[in-house]
Amino acid sequence: MLSSQIKSNEIVFGSCNKDLLEEIIFYGIGLGADFVEIFIENTDNSSVLAEEDFITSVSPSFGRGAGIRIFKGKKDGFVSTNDLTKHGLMRSVSQAIEMLDITDNKKEVFNGLNQHRDYSLSKKKWINEVPSIHEISEKLLLSTKSLKKNNKIITRKGSYSRNLQEVIIASSDGTYASDIRLHQTVGLNVIASDAQYRSSGSRRFGSSGMPNEFRLWDHEKSANDVFESSMNMLYADYVDAGQMPVVLANKFGGVIFHEACGHLLETTQIERGTTPFENKLNEKIAHESVTAIDEGISEGSFGSLSVDDEGMEPEKSVLIKDGILKKFISDRAGELRTGHKRTGSGRRQNYSFAAASRMRNTYIAKGEHSKEDLINSISEGLYCKSMGGGSVGATGQFNFAVEEGYLIKNGKLTSPVKGATLIGEAKEVMPKISMCGNDLELAPGFCGSISGSVNVTVGQPHIKVDSITVGGR
Amino acid sequence: MNSKEITTQITKAADFLNLKKWDYGASFSNDYSVQVDKGEAKQLKASQKQILTIRVWNQSNLVGITTTSDISESGIKKALKQANIASDFGNKNESTEFSPLAKDPIKDKEVKKRNPVGIKKLLTLLREAEVKLIESHESIKSVPYNGLSESFFERVYANSEGAFRSYSKSQAALYLYARAEEKNKKPRSSGSVKLGYGADDIDIEACIKEASNKTISHLNYSSIKTNKYLICFSPESFLTIINAFSSMFNARSIIDGVSLSNKNSIGEKLSTEALNIYDDGLHEKNISSTPFDGEGTPTKRLCLINRGRIENFIHSESTARIFKTTPTGHAGLGSKVSVSPDWIVVEKSEENFDLKTSLDHSTYEGEFVYIEELNAIHAGVRASQGSFSLPFDGWLYKNGKKISIESATVAGDIKYLLKNIVNIESSQEVTTSGISPHIWVDELSITGDA
């Protein structure tokens, strides 16, 4: 008797919480909410840092919390808490109701939760299958050792992080789902120095739902890649600024599409009135060679999900087809406020954020050209082999740092150059992507926005932009 | 569970696990925030959050750590156990100890703690601010990024040798970013952020006025020709640059080989003798001030650059020991203890030496670029290499007129920038990240579309 009482008064992970969740939702609907959503998570994370030939940091963490969202009309109130007792959750519902100042007597109907969709069944063993800290440490030390290729390398770092997140999602439309998500990333960084010259190199790799992936990581290959990049850039001159054609490499080159265009296709941007594409559905917004996709279903990709943070299975959304805008990325609030159907893209960093429309695996589809075709077509320009981060301003202008760049002269790659920044505006640059390569590849990353930092994949084949402003010195 | 109870629970659980040496940092917060969209409440948010970070030392004096939001009796026990396991992988190459200053008295500073005004009042204030901002100019069509929040939090540090510190405070923030549109022109956007101890302390009118003036001043824009220009950095933009390259003063970064400085850089001349830079977390204008750092070391004012020369580095306990000095109150609490500045204060030294004092942003009639705000710092700064290439908002002053600059970047090297400071204006301005006067730098590269 005592045991069942305890269970019914607190969320217990791995157990059926249906009665308690229904009670909380009934409570919110009874107080006049149009819609009640409960998101609960339990996390178990760890990270390890190797510097030179030592492990210098091991940081485990764990936690749990709930985010409760109440809608009334198009307004929403969101309350997060670490208190997962019935009392704590009901108090959060009351707080959200009070914030929204709900006073009318109109009551929505809640018919109870649907059958539980449990996406976690085959994933409960993951926690025992991921590499141990000992195993991670050994491999990271091997990777930093592999970076020690000459005495110009003055700093070597290898880092690993693992996030295991167990979620329960329930809402007054009957949604009741649970899942376990596993994300692992590993990164390598070096700084090279020779007299007054300095350069750096870095690469990051990541996966979702693949406990064995870190064991399969080819650290030698990655170390060679990072080392070569830093050596190539060590004596590079600063690039001359100006307007020029550029070729952007595949994989992380896709960060520009993600930042400069992808964000403008999220319904949160329509809600704010900050996207130039708001009324452009079925109109041409890009060169006809461009087809762009956002999806959450590629197995193992960093942005893939079994179910989004609002309980919807992710779909494959063709955003742009042959240059024509076909779809926006939408979540529940986006559908309510803009009319664009949900795409399984409601995402959040953790329980303390309300979900928002966010990208998952976002990429430009492959074309028919080889990388050489693209470079050969340029008499003077820039090849951006590796991109750093970037940002997009409130009115759509973007800028991105080029981590590893090479001048193109007469259709050939020539000397390495540093200090380049690509500057432009999505609306103007998208029509200038005139050639897409046939070598689509994806790369993992983290995207920060309104609902926090989420795991994403960016990607593209090699692409040619006919003209863009390159910042330099 | 309150901070005293947490300390008791940790003591009990540590005894049970035979852990003799431990410390912890905890924070408890309640936050409330609102956003509006054309007069309507858009999202109203409240959160209650607690975070506990525990470090333990094992018998080999190696440190392990765990962080959790589960501050229950079982959560604390689990955290101690995990930290103990993690200590097997503690850094053998660099030890960590308690700060020798963790029990030193803390400098008294008046704590301005406010009571919550509540979501309804926050909403009313923000709605009014949005309306006023939109009405301030016909071109301002919306305020797409806006928010008003208030936070109440408590922070605690304690260790097994009896150190115990805690403080609680309140803070409120308002941000308004307007979007202006005119026919046949690109939309322009700018904004303002204001902080206060509570919502009633925020100067909302000043925030509206600043957001409006900034946005309107960018309506007439033009691209700029790529070239080298005389630059005037606004206080905010100069502080952004100094913070971005603060690894020059950071002992942790020096040890890790990612700083432009080295252990012998104290005394190195970086700039004109007219330049002084301090880190002053306790400054009366710093609303976010904290009286102690993650290791319990008291916060204090520290001179980083004195008359153009590096005077001090910022330290944690372990970096201070390596440098044979004392901790400076700039540590975090982590498996590898981070070090970061609190609040930068830039000053002109008493003797003005070789400055071109005719350069004043409000009176100078020659050609120069005024950099109001630097963007994309995370992408455009290579702190370990000293280089930067950053987009900015600003104006070109030419022939007595000023025009907003469209899509441009400023690029250079931090050491070059500091060496080429040609004037430091007399009047300082308070920003959300520190205090600085306007700073003039000769010959920096600007890339534009023209």
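The values are calculated or read from the model by the stated rules, or taken from the named source; none is laboratory data. Given the structure is predicted, the values throughout are model-derived calculations rather than measurements. Cβ coordinates were reconstructed from backbone atoms using ideal geometry, including for glycine residues, and neighbour counts include every protein chain displayed.
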* Please state which of the following conditions B:VAL34 fails to meet, knowing it meets all the rest: (1) surrounded by fewer than 19 Cβ atoms within 10 Å (Cβ to Cβ); (2) within 10 Å of chain A (Cβ to nearest Cβ); (3) in contact with a helix residue (DSSP H, G or I) (Cβ under 7 Å, 6 or more places away or on another chain); (4) among the aliphatic types (A, V, I, L, M). => (1)
* Asked: When the stretch B:39-65 is examined, which residues are found to be more than 9 Å from chain A (Cβ to nearest Cβ) and over 19 Å from B:ASN2 (Cβ atoms)?
  -> B:GLY39, B:ARG55, B:VAL56, B:TRP57, B:ASN58, B:GLN59, B:SER60, B:ASN61, B:LEU62, B:VAL63
* To do: Mind listing whichever residues of the stretch A:235-244 are surrounded by fewer than 20 Cβ atoms within 10 Å (Cβ to Cβ) and touching a Lys or Arg at 6+ places or on another chain (Cβ under 8 Å)?
  => A:ALA236, A:ASP237, A:TYR238, A:ASP240
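How many residues does the stretch B:217-235 hold that are in a helix (DSSP H, G or I) and either of a type in the set (Ser, Thr, Tyr) or surrounded by fewer than 19 Cβ atoms within 10 Å (Cβ to Cβ) (or both)? Please lay out each step first, then the result.
Of the stretch B:217-235, the ones in a helix (DSSP H, G or I) are B:217, B:235.
Narrowing the set further to residues that are either of a type in the set (Ser, Thr, Tyr) or surrounded by fewer than 19 Cβ atoms within 10 Å (Cβ to Cβ) (or both) leaves B:217.
Counting residues in the stretch B:217-235 that are in a helix (DSSP H, G or I) and either of a type in the set (Ser, Thr, Tyr) or surrounded by fewer than 19 Cβ atoms within 10 Å (Cβ to Cβ) (or both) gives 1.
For every residue, the table says whether it meets (1) away from chain B (no Cβ under 14 Å); (2) among the charged types (D, E, K, R).
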{"site": "A:GLY367", "(1), (2)": "yes, no"}
{"site": "A:SER386", "(1), (2)": "no, no"}
{"site": "A:VAL392", "(1), (2)": "no, no"}
{"site": "A:GLY411", "(1), (2)": "yes, no"}
{"site": "A:THR414", "(1), (2)": "yes, no"}
{"site": "A:LYS427", "(1), (2)": "no, yes"}
{"site": "A:MET435", "(1), (2)": "yes, no"}
* **Scan of the stretch A:261-274 for residues that are facing chain B (nearest Cβ under 10 Å) and in a loop (DSSP other than H, G, I, E, B), ordered by number** => A:GLY273, A:THR274
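Restricting to the stretch B:188-204, what's the tally of residues that are closer than 18 Å to B:THR215 by Cα, out of contact with any Asp or Glu (no Cβ under 7 Å at 6 or more places or on another chain) and outside any helix (DSSP H, G or I)? Spell out how you get there, then give the answer.
The initial filter retains those residues of the stretch B:188-204 that are closer than 18 Å to B:THR215 by Cα, namely B:188-194, B:204.
Next cut, out of contact with any Asp or Glu (no Cβ under 7 Å at 6 or more places or on another chain) only: B:188-189, B:191, B:193, B:204.
Next, from what is left, pick out any that are outside any helix (DSSP H, G or I): B:188-189, B:191, B:193.
Of the residues in the stretch B:188-204, 4 are closer than 18 Å to B:THR215 by Cα, out of contact with any Asp or Glu (no Cβ under 7 Å at 6 or more places or on another chain) and outside any helix (DSSP H, G or I).
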* Give the number of residues within the stretch A:411-440 that are modelled with pLDDT under 95 and either in a strand (DSSP E or B) or of a type in the set (Val, Ile, Thr) (or both). => 7
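Looking at this structure, is B:LYS113 in contact (Cβ under 8 Å) with a residue 40 or more places away in the chain, more than 14 Å from chain A (Cβ to nearest Cβ) and within 23 Å of B:HIS330 (Cβ to Cβ)?
Details: in contact (Cβ under 8 Å) with a residue 40 or more places away in the chain: yes; more than 14 Å from chain A (Cβ to nearest Cβ): yes; within 23 Å of B:HIS330 (Cβ to Cβ): no.
Criteria not met by B:LYS113.
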* Subset of the stretch B:5-31 (residues that are part of a loop (DSSP other than H, G, I, E, B) and either within 14 Å of chain A (Cβ to nearest Cβ) or buried (at least 18 other Cβ atoms within 10 Å of the Cβ) (or both)) -> B:LEU19
* Any idea which of (1) among the hydrophobic types (A, V, I, L, M, F, W, C); (2) surrounded by fewer than 22 Cβ atoms within 10 Å (Cβ to Cβ); (3) in contact with a helix residue (DSSP H, G or I) (Cβ under 6 Å, 6 or more places away or on another chain); (4) within 11 Å of another protein chain (Cβ to nearest Cβ) is the one B:ILE85 doesn't satisfy? -> (3)
* Asked: What residue, of B:TYR167, B:TYR175, is outside any helix (DSSP H, G or I), at pLDDT below 95, among the hydroxyl-bearing types (Ser, Thr, Tyr) and surrounded by fewer than 22 Cβ atoms within 10 Å (Cβ to Cβ)?
  -> B:TYR167
* Structure fact -> Note: among B:SER95, B:SER74, just one is over 16 Å from A:SER46 (Cβ atoms), exposed (fewer than 14 other Cβ atoms within 10 Å of the Cβ) and of a type in the set (S, T, N, Q), namely B:SER74
* Scanning for something outside any helix (DSSP H, G or I) and farther than 23 Å from A:GLY388 by Cα, does the stretch B:377-391 turn up at least one residue? -> no
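Out of A:ILE191, A:ILE136, A:ILE153, which single residue is within 11 Å of another protein chain (Cβ to nearest Cβ), farther than 28 Å from A:LEU121 by Cα and within 27 Å of the chain's Cα centre (by Cα)?
Details: A:ILE136 fails: farther than 28 Å from A:LEU121 by Cα; A:ILE153 fails: within 27 Å of the chain's Cα centre (by Cα).
Just a single option satisfies the conditions, and that option is A:ILE191.
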* Qualifying residue in the stretch B:200-219 (condition: of a type in the set (Lys, Arg) and closer than 30 Å to B:ASN115 by Cα) -> yes
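For B:ARG155, state whether it is basic (Lys, Arg) and more than 14 Å from chain A (Cβ to nearest Cβ).
Working: basic (Lys, Arg): yes; more than 14 Å from chain A (Cβ to nearest Cβ): yes.
Yes.
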* Asked: Looking only at residues in the stretch B:66-82 that are touching a residue at least 40 places away in the same chain (Cβ under 8 Å) and either farther than 23 Å from B:ASN30 by Cβ or of a type in the set (D, E, K, R) (or both), which one is farthest from the other protein chains (Cβ to nearest Cβ)?
  -> B:GLU73
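What residue, of B:ALA83, B:ALA79, B:ALA102, is among the small types (Gly, Ala, Ser) and part of a loop (DSSP other than H, G, I, E, B)?
Step by step, each of B:ALA83, B:ALA79, B:ALA102 is checked, and only B:ALA102 is among the small types (Gly, Ala, Ser) and part of a loop (DSSP other than H, G, I, E, B).
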* **Residues located in the stretch B:253-271, provided they are more than 12 Å from chain A (Cβ to nearest Cβ) and assigned to a loop (DSSP other than H, G, I, E, B)** => B:SER261, B:LYS263, B:ASN264, B:SER265, B:ILE266, B:GLY267, B:GLU268, B:LEU270, B:SER271
* Asked: Residues B:LEU282, B:LEU260, B:LEU239: which one is buried (at least 17 other Cβ atoms within 10 Å of the Cβ), closer than 22 Å to A:THR155 by Cα and among the hydrophobic types (A, V, I, L, M, F, W, C)?
  -> B:LEU260
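Within the stretch B:422-441, is even one residue free of Cβ contacts under 8 Å to residues at least 40 places away in the same chain and more than 30 Å from B:GLU284 (Cβ to Cβ)? Quick ask: steps written out before the conclusion?
Residues of the stretch B:422-441 free of Cβ contacts under 8 Å to residues at least 40 places away in the same chain: B:427.
When the remaining residues are screened for being more than 30 Å from B:GLU284 (Cβ to Cβ), the result is none.
Within the stretch B:422-441, none of the residues are free of Cβ contacts under 8 Å to residues at least 40 places away in the same chain and more than 30 Å from B:GLU284 (Cβ to Cβ).
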* Output the qualifying pairs, or none if there are none: Cβ atoms under 7 angstrom, residues six or more apart or on different chains, first residue in the stretch A:275-304 and on the phi > 0 side of the Ramachandran plot, second residue part of a loop (DSSP other than H, G, I, E, B). => A:GLY300/A:GLY209; A:GLY300/A:MET210
* Working only within the stretch B:393-447, note down all residues that are within 10 Å of chain A (Cβ to nearest Cβ) and either in a strand (DSSP E or B) or not hydroxyl-bearing (Ser, Thr, Tyr) (or both). => B:ASP393, B:GLU406, B:ALA408, B:THR409, B:VAL410, B:ALA411, B:GLY412, B:ASP413, B:LEU444, B:SER445, B:ILE446, B:THR447
* Asked: Mind checking which pairs have a first residue in the stretch B:117-146 that is farther than 29 Å from A:ILE97 by Cα and within 10 Å of chain A (Cβ to nearest Cβ) and a second that is assigned to a loop (DSSP other than H, G, I, E, B) and modelled with pLDDT under 95, Cβ under 6 Å, 6 or more apart or different chains?
  -> B:LYS141/B:GLU181
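Within the stretch B:327-376, which residues are of a type in the set (Val, Ile, Thr), within 21 Å of B:GLU443 (Cα to Cα) and buried (at least 16 other Cβ atoms within 10 Å of the Cβ)? Don't jump to the end; show me each part of the working.
Let us first name the residues in the stretch B:327-376 that are of a type in the set (Val, Ile, Thr), namely B:328, B:337, B:339, B:344-346, B:357, B:363, B:369, B:371.
Okay, now just the ones that are also within 21 Å of B:GLU443 (Cα to Cα), so B:357, B:363, B:369, B:371.
Correct list: B:VAL369, B:ILE371.
Checking the conditions here, which among B:LYS185, B:LYS132 is assigned to a helix (DSSP H, G or I) and either more than 30 Å from B:PRO298 (Cβ to Cβ) or among the hydroxyl-bearing types (Ser, Thr, Tyr) (or both)?
B:LYS132
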